[in-house]
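Each remark here refers to the structure printed beneath this line.
The values are calculated or read from the model by the stated rules, or taken from the named source; none is laboratory data. The shown structure was predicted, so the numbers you read here are calculated from the model rather than taken from an experiment. Cβ placement follows ideal geometry from the backbone for every residue including glycine, while neighbour counts extend to all protein chains displayed.
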Amino acid sequence: MGIDGTKVAVATVNSNVVSVLFGGAFFGAIITSWASYYLGRRAALLYSMVLFMLGGALQTAAKNLAWIYGGRFVSGLAVGATSLVAPYYIAEISPTKHRARTVGAFQAFLVAGSLLAYWVTYGCDLHFHPTTTNINPPPGTNTTGTTDPGSPADPASSSSHLEFHSAQWRVPMGIQMLPGVIFTVLMIGVKESPRWLAGKGRKEDAIKVLAWLRCVKLEKDGGDSDSGSEKTSVNGGTTSTPPPTGQEKSKGEETPRDTLSVLPTQAPAARSDEVNAIHAEFAGIQAQLDETRGASYRELFSRANGKRFAIGFSDTRSALLASGVFGVCKFVATVASLAFTVHRYGRVTGMCAGTAAHAVLFFILGAILKTRPPHGGPIKPASIAMMALLYLYVIIYSFAMGPLPWVYSSEIYPIRIRELGQMWFTALTWACNFATSKVTPILFVSLSLLFAS
């Protein structure tokens, strides 16, 4: 790909390849907010899958870094689109008592995707081996190093280099298209959001979808008491709060531009809605800052520091294996959180407890790195302790700051600004990821353990 091979150049390319996806996700969330409002949740999800497959195809067929950057950005647009639409589509179709688990399941599938990525990368590194080729073959030999019949060979005049198999990166890039295909097929039977239908004045269609979702049989006069209560829920949930001027305005007549004018003209009694919205934004930012710190420490065993890795685990394959185990811990803990704790404790309580625990863990990790840095040789107890703390970090993260901000943001916004609020929550999430992925690899090369500690 034309990389000169220096540490700074490799770190820069690594940061660009990762961060350009998150940059695309930032813009994807903003653009899709409008598409989702005007075209519907289902259409927005379908077009995001088209972007997913297009981005994956560009990356898989890449001939140079420009192709990869372009493909990553297109895939990022799809990531931003799905991460915006999927949570509030789930929230809009889920019964209240199951909403936390169903919205939290979105985080579980994100983690499952990263888990698959970890192990696909490890498998490709394990099975697609680099090959050695001669750059200047001596007389009588070809480029593979074998002797041509009837020609003398002079091995001393040859030089060779290590050539990596392109399948090591093309296979992982190509596999990302498979979930897009599966998702598109499964979307065939998916109904439009009843809340969106009601907001567009299609109340009868909304009631039919709700009846289908709740397995309620509608009667000719509009349904039984269960469907009637759902109808009331849809009507009440999509009718906007009247503006202070006293003029009535239905949700179906609002545009995203109208929601922008709600905040500065609200009566003082409604200011608590603004406070809640701001809390939701900061919850998302805090979640990503926690993930930022975790990403920094994951670099300790996934990025080379000379011939050793920063916390004492050597070679690329060991680092990939450690990352795979990290992904397993994250996935298992996320599923356990959804099964046992997401409904048991408050959202804010869980996030505060998780953040406090992370602060303690990061302080201990930094102290160990400062006082017991690895110096080669066999793996030391300090390295094992740091690895154990990393796994403990991801378990706590998966119970708290992983799923809870997504659940909290889907619940906290008032109806009239929910789409706008969710858009900024999602966009800020990916903006934080962009900043982290851009600077972390470069800072590790420049500052090494100083940055980590």
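The figures follow:
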| item | result |
| --- | --- |
| Given (1) modelled with pLDDT of 85 or more; (2) under 17 Å from residue 418 (Cα atoms), index of the condition residue 111 fails | (2) |
| Residues within segment 332-390 that are among the charged types (D, E, K, R), loosely packed, with under 13 Cβ neighbours inside 10 Å and either farther than 30 Å from residue 97 by Cβ or touching a Cys at 6+ places or on another chain (Cβ under 8 Å) (or both), tallied | 1 |
| Matching residues, segment 354-373, being touching a Phe, Trp or Tyr at 6+ places or on another chain (Cβ under 8 Å) and over 15 Å from residue 385 (Cα atoms) | 354, 358 |
| Of all residues making up segment 42-91, the number that are charged (D, E, K, R) and either buried (at least 23 other Cβ atoms within 10 Å of the Cβ) or not assigned by TED's automatic domain parsing to the domain that holds residue 12 (or both) | 1 |
| Breaking point among (1) in a helix (DSSP H, G or I); (2) farther than 27 Å from residue 113 by Cβ; (3) touching a Ser or Thr at 6+ places or on another chain (Cβ under 7 Å); (4) of a type outside the set (D, E, K, R), for residue 368 | (3) |
| Residues (surrounded by fewer than 24 Cβ atoms within 10 Å (Cβ to Cβ) and assigned to a loop (DSSP other than H, G, I, E, B)) located in segment 391-419 | 413, 414 |
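Rundown of residues vs (1) touching a residue at least 60 places away in the same chain (Cβ under 8 Å); (2) among the aromatic types (Phe, Trp, Tyr); (3) assigned by TED's automatic domain parsing to the domain that holds residue 114, yes/no style:
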residue: 371; (1), (2), (3): no, no, yes
residue: 374; (1), (2), (3): yes, no, yes
residue: 386; (1), (2), (3): yes, no, yes
residue: 390; (1), (2), (3): yes, no, yes
residue: 397; (1), (2), (3): yes, yes, yes
residue: 408; (1), (2), (3): yes, yes, yes
residue: 411; (1), (2), (3): yes, no, yes
